[in-house]
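Q: Would you mind keeping the following structure in view while I ask a few things?
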Amino acid sequence: MVGAARPNTIVLLSMGYDSLSTWHRLGRPTAVYFDLGSQYTAPEVERYEKLRTSFPQLLPVQEMRWLGEQEQLDRWVPLRNLVMTVRAAALGYDDIVMSAPADWAPDKRLSFTLATSLAMRVAQPGVGYRVRRPFSHWTKAKLIAATPAKLLEEYAYSCYEGTDPPCGRCVACGRAAIAHLAAGREPPTKLRSGLSFRELMDLRRGSANVSRLSETARMRPGELLYVPLRGWELLRAWDAYRRR
């Protein structure tokens, strides 16, 4: 069953929309946040600590700023998910959940979760380690639609600039806005009126269009079908935007 947690399940929380939605869909099990020291860490930590006051099953923030120094221009941190997964296992959990839907990043693919699970089982025989992405086939819009709006409004944060409130201009803000429209929800940031369809879709790439080609270039041909939002959802987002 996709939406099931085991007694020893832990969710890697980033405080983004995918992350909180995954945690909610699994029944709000134990979770942990890793502080990579990025410019957007402060608002994420603030929301995580606020969430911890209501949900004591959340572990204390884990410091990992040394790894965040490797962050690249498109915000990808090499080896991040590998290190976080192994550290979560070292904390005593054998069912480790990543919240990312299908993505271009190499450490957000099925091959990564299978290889990491196998490596940890070899490293510690007798422990049935499992690394998984139970909602990898869901889009961001579907995850948002399946999660209480109040939970996301109060705790979710997705902005690469690290401003509070979110900047509304970066890749993360653009994707969140379009996913909310596709889910029939109010976008977390204000959208300009009078945008064309192309302009609205370009919000997913941010003001500098840094990631216009990066996602396609890094994905394998068989993975091109699995994108954060499907075509019909983009059309639904466009329709919702025009009716605003």
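Q: What number of residues within the range 63-78 satisfy the criterion of being surrounded by fewer than 16 Cβ atoms within 10 Å (Cβ to Cβ) and either assigned to a helix (DSSP H, G or I) or in contact with an Asp or Glu (Cβ under 7 Å, 6 or more places away or on another chain) (or both)?
A: 3
Q: Being touching a helix residue (DSSP H, G or I) at 6+ places or on another chain (Cβ under 8 Å) and either surrounded by fewer than 21 Cβ atoms within 10 Å (Cβ to Cβ) or within 19 Å of ARG175 (Cβ to Cβ) (or both): is that true of LYS108 here?
A: Criteria met by LYS108.
Q: Moving to a separate point now. Tell me which of these ALA176 doesn't satisfy, since it passes every other one: (1) outside any helix (DSSP H, G or I); (2) within 18 Å of the chain's Cα centre (by Cα); (3) modelled with pLDDT of 90 or more.
A: Checking ALA176 against (1) outside any helix (DSSP H, G or I); (2) within 18 Å of the chain's Cα centre (by Cα); (3) modelled with pLDDT of 90 or more, the one that fails is (1).
Q: Being surrounded by 16 or more Cβ atoms within 10 Å (Cβ to Cβ) and in contact with a Pro (Cβ under 8 Å, 6 or more places away or on another chain) is the filter here, so list the residues in the range 111-151 that pass it.
A: Scanning the range 111-151 gives PHE112, ARG133, PHE135, SER136, TRP138, THR139, LYS140, LEU143.
Q: Being among the β-branched types (Val, Ile, Thr), under 21 Å from CYS170 (Cβ atoms) and either without any contact (Cβ under 8 Å) to a residue 24 or more places away in the chain or open to solvent by 10 Å² or more (accessible area, probe 1.4 Å) (or both) is the filter here; which residues of the range 29-62 pass it?
A: Once the filter is applied, which keeps residues that are among the β-branched types (Val, Ile, Thr), under 21 Å from CYS170 (Cβ atoms) and either without any contact (Cβ under 8 Å) to a residue 24 or more places away in the chain or open to solvent by 10 Å² or more (accessible area, probe 1.4 Å) (or both), the range 29-62 yields only VAL45.
Q: Can I ask one more? Check the range 46-62 and report whether any residue there is modelled with pLDDT of 95 or more, polar (S, T, N, Q) and assigned to a loop (DSSP other than H, G, I, E, B).
A: yes
Q: Does GLY184 count as at pLDDT 90 or above and either buried (at least 17 other Cβ atoms within 10 Å of the Cβ) or touching a Leu at 6+ places or on another chain (Cβ under 6 Å) (or both)?
A: no
Q: Go over the candidates THR139, THR85, THR147, THR116 one by one and state the one that is over 27 Å from ARG47 (Cα atoms) and touching a helix residue (DSSP H, G or I) at 6+ places or on another chain (Cβ under 7 Å).
A: On the way: THR139 fails: over 27 Å from ARG47 (Cα atoms); THR85 fails: over 27 Å from ARG47 (Cα atoms); THR147 fails: over 27 Å from ARG47 (Cα atoms).
Step by step, each of THR139, THR85, THR147, THR116 is checked, and only THR116 is over 27 Å from ARG47 (Cα atoms) and touching a helix residue (DSSP H, G or I) at 6+ places or on another chain (Cβ under 7 Å).
Q: If you check LEU26 against the conditions, is it closer than 29 Å to ALA123 by Cβ, surrounded by 16 or more Cβ atoms within 10 Å (Cβ to Cβ) and touching a Pro at 6+ places or on another chain (Cβ under 9 Å)?
A: Spelling it out, LEU26 is indeed closer than 29 Å to ALA123 by Cβ, surrounded by 16 or more Cβ atoms within 10 Å (Cβ to Cβ) and touching a Pro at 6+ places or on another chain (Cβ under 9 Å).
Q: With the checklist (1) assigned to a loop (DSSP other than H, G, I, E, B); (2) at pLDDT 50 or above; (3) among the basic types (Lys, Arg) in hand, flag the one item ARG198 doesn't pass.
A: (1)
The values are calculated or read from the model by the stated rules, or taken from the named source; none is laboratory data. Please read all numbers here as calculations on a predicted model, not as lab measurements. Please note: Cβ atoms are built from the backbone with ideal geometry, for glycine as well, and neighbour counts cover all protein chains shown. Note: accessible area is taken over every heavy atom of the protein model, side chains too, but ligands, DNA and RNA are not part of it. Shrake-Rupley method; radii C 1.70, N 1.55, O 1.52, S 1.80 Å.
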